[in-house]
Amino acid sequence: MTAPATADSTPTAILERISLVLDTFDGPGRLTLAQVVKRTGLPRSSAHRMLERLVEMRWLRRDGRDYELGTRLMELGSIAVHQNRLHGAAAPILQELHRVTGYVVHLGVLDGSDVLYLDKIGGRLAAELPTRVGSRYPARNSAIGKALLAYTPGCADSLAEFTPELHKVREMGVAYEVSQISGGIGIIAVPIGPVGGVLAALSICGPTSHLKFDHRHASPVRMAANAILQSLTGRTGAAPIAHRNRLESMPTAASRPRLQYA
């Protein structure tokens, strides 16, 4: 007679454990078996067995005693990005915004209380930012996050200390922020979609000596957001052309000091 399945052998429990193990790699650097055990709370034998199986499946890679994310996860992540409809609609518009301004451009969505970055464009300048595609950052601590929170119902009520700021962002339709480092870095973020129906947000980030917190730089970011929304909703026409023409008239970026989160 076959023994009844235990809780640990059910598919749900197995998937939960695999997810728990993979989630420990959400950050830079490699992990040892001991570190995975400490972070997950799993028995050492179970964690080791799971890690080795994930290595065989190419979800993880082992180098000596160290484990890191494997090529199969990279492949699946790349496929997910390219299949993402929002990313596909935004990509050419983000590229154009960066090409004209020289600033770092981010595209992000709200995931819980964090911003999840779907795209980042900026050439050599982008390498100076710790953000990366697939990374997260607390929404309340970033301009792009505040643009998302202000346009998401209920968020202002759950973040009482930010209510006045989010209310202002909702009224203006744009979030401005200054990071005081290396002379000051300015960030302009705009939501994509209406209040209650925001899909994502985008931002540009550049030196405050050149980035202007007024319509000169806010308007092109708004236009980029509108062009992305129109592409997603299937409304085509003169808007993308007007967007490109307006971008062409923007002043190009000047000096480029070190940057922080956008």
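The values are calculated or read from the model by the stated rules, or taken from the named source; none is laboratory data. Keep in mind that what you see is a predicted model, and the values were worked out from it rather than measured. Neighbour counts run over all protein chains shown; Cβ positions are idealised from the backbone, glycine included. These area figures cover heavy atoms from the full protein model, side chains too; ligands, DNA and RNA do not enter into them. Shrake-Rupley method; radii C 1.70, N 1.55, O 1.52, S 1.80 Å.
Considered as a group, the residues in region 82-134 that are in a loop (DSSP other than H, G, I, E, B) and free of Cβ contacts under 8 Å to residues at least 12 places away in the same chain include one that is most open to solvent (accessible area, probe 1.4 Å), and that residue is ALA127. Filter region 22-75 down to the residues that are under 22 Å from the mean Cα position of the chain (by Cα) and open to solvent by less than 40 Å² (accessible area, probe 1.4 Å) and list them by number. LEU22, THR24, PHE25, GLY27, GLY70 - these are the residues of region 22-75 that are under 22 Å from the mean Cα position of the chain (by Cα) and open to solvent by less than 40 Å² (accessible area, probe 1.4 Å).
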